[in-house]
Amino acid sequence: MISKPASRLSFVAPWIALTTARCAHAAAPNPSRHYAPVVHVADQRLTMHTRDGDGTLPLYADRSIDGTAPSVTHVFIIIHGTLRNALDYFAAGKQMLAAAGARANESMIVAPQFLTTLDLHVFALGRATLAWSEGGWKGGAVARRPSPVSSFSALDALLEHFGNRQLYPALSTVMVVGHSAGAQFVRVGHDGRRMLTSACGVAALFDRPTPAACPVASATPPLSD
């Protein structure tokens, strides 16, 4: 039987995707913003070693990504849109978890950030930081720097991180959600993505969010793409 807290959490990921979606624009978006550098770079890094090379992926998380989290049972990974404004999605995710009544010590919000080479230049980021082309990361293209790690492989590495039972002994579910370009990323990457192995007892689920054209009633301000 599914517990009431677990049942509530099963609805959190779709609500995160719906709440963060900007379904109705008051004005036409400025196309130039899509080719501008990010405003903020995430404050944490996940170092990954893949068959295609190594690198570090910036991300936001509501606890140390390298620390032990013995009480965490659910992880929600939120993929940003074209503007790569991961901080906005991270903040919205935390707000929705709180509104859903999720226990802070049992849930974790993570928002990875797929940067571009322009972002690396503007923020003078370290050489190990992964960076893709403006549109490449959305479809699983390989990184331009520092090694040819695809954005899908980067997500795989993040999922594998949460399969570490020494860090997350109680974890049962990882949910991946996205909006706009992030939704495209989730949809395209869903089929054939590696699931966390049953040996570690963690299920990786992919939510297919409602299309951005669908109006959504929300108590929170809509985010930019």
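The values are calculated or read from the model by the stated rules, or taken from the named source; none is laboratory data. Here the structure is a predicted model, which is why all the values come from computation and not from measurement. Note that we place each Cβ from the backbone using ideal geometry, even for glycine, and neighbour counts take in every protein chain shown.
Return only the number of the condition from (1) within 24 Å of residue 73 (Cα to Cα); (2) crowded, with 18+ Cβ neighbours inside 10 Å; (3) modelled with pLDDT of 90 or more; (4) not hydroxyl-bearing (Ser, Thr, Tyr) that residue 170 does not satisfy.
(2)
Which number in (1) crowded, with 17+ Cβ neighbours inside 10 Å; (2) farther than 20 Å from residue 184 by Cα marks the one condition that residue 123 misses?
Failed condition: (1).
When you scan the stretch 98-121, how many residues do you find that are under 11 Å from residue 59 (Cα atoms) and either assigned to a loop (DSSP other than H, G, I, E, B) or of a type in the set (Ser, Thr, Tyr) (or both)? Working first, answer last.
First, the residues of the stretch 98-121 that are under 11 Å from residue 59 (Cα atoms): 109-115.
With the extra rule that they be either assigned to a loop (DSSP other than H, G, I, E, B) or of a type in the set (Ser, Thr, Tyr) (or both), the set shrinks to 113-115.
Counting residues in the stretch 98-121 that are under 11 Å from residue 59 (Cα atoms) and either assigned to a loop (DSSP other than H, G, I, E, B) or of a type in the set (Ser, Thr, Tyr) (or both) gives 3.
Exactly one of (1) surrounded by 14 or more Cβ atoms within 10 Å (Cβ to Cβ); (2) modelled with pLDDT under 80 is unmet by residue 175. Its number?
(2)
Out of all the residues in the stretch 52-78, which are within 14 Å of residue 157 (Cα to Cα), at pLDDT 95 or above and touching a strand residue (DSSP E or B) at 6+ places or on another chain (Cβ under 7 Å)?
54, 55, 56, 57, 58, 59, 65
Working carefully through the options 176, 110, find the one that is of a type in the set (Val, Ile, Thr) and within 20 Å of residue 67 (Cβ to Cβ). Give the derivation first.
Details: 176 fails: within 20 Å of residue 67 (Cβ to Cβ).
Of 176, 110, the one residue that is of a type in the set (Val, Ile, Thr) and within 20 Å of residue 67 (Cβ to Cβ) is 110.
Return the residue satisfying two criteria in turn: it lies in the stretch 127-148 and is charged (D, E, K, R) and either without any contact (Cβ under 8 Å) to a residue 24 or more places away in the chain or not in a strand (DSSP E or B) (or both), and of such residues it is surrounded by the most Cβ atoms within 10 Å (Cβ to Cβ). Give the steps one after another, and end with the answer.
Keep residues of the stretch 127-148 that are charged (D, E, K, R), which gives 127, 134, 138, 144-145.
Adding the requirement that they be either without any contact (Cβ under 8 Å) to a residue 24 or more places away in the chain or not in a strand (DSSP E or B) (or both) leaves 127, 134, 138, 144.
On the way: 127: 9, 134: 13, 138: 23, 144: 15.
Only one residue tops the list, namely 138.
Are any residues in the stretch 141-177 polar (S, T, N, Q), under 17 Å from the mean Cα position of the chain (by Cα) and within 24 Å of residue 97 (Cβ to Cβ), and if so, which ones?
Restricting attention to the stretch 141-177, the residues satisfying the condition of being polar (S, T, N, Q) are 147, 150-151, 153, 164, 166, 172-173.
Cutting the leftovers down to under 17 Å from the mean Cα position of the chain (by Cα) gives us 150-151, 153, 173.
Passing the criteria: only 173.
With respect to residue 163, determine if the residue is crowded, with 17+ Cβ neighbours inside 10 Å, in a helix (DSSP H, G or I) and not charged (D, E, K, R).
Details: crowded, with 17+ Cβ neighbours inside 10 Å: yes; in a helix (DSSP H, G or I): no; not charged (D, E, K, R): yes.
Answer is no for this residue.
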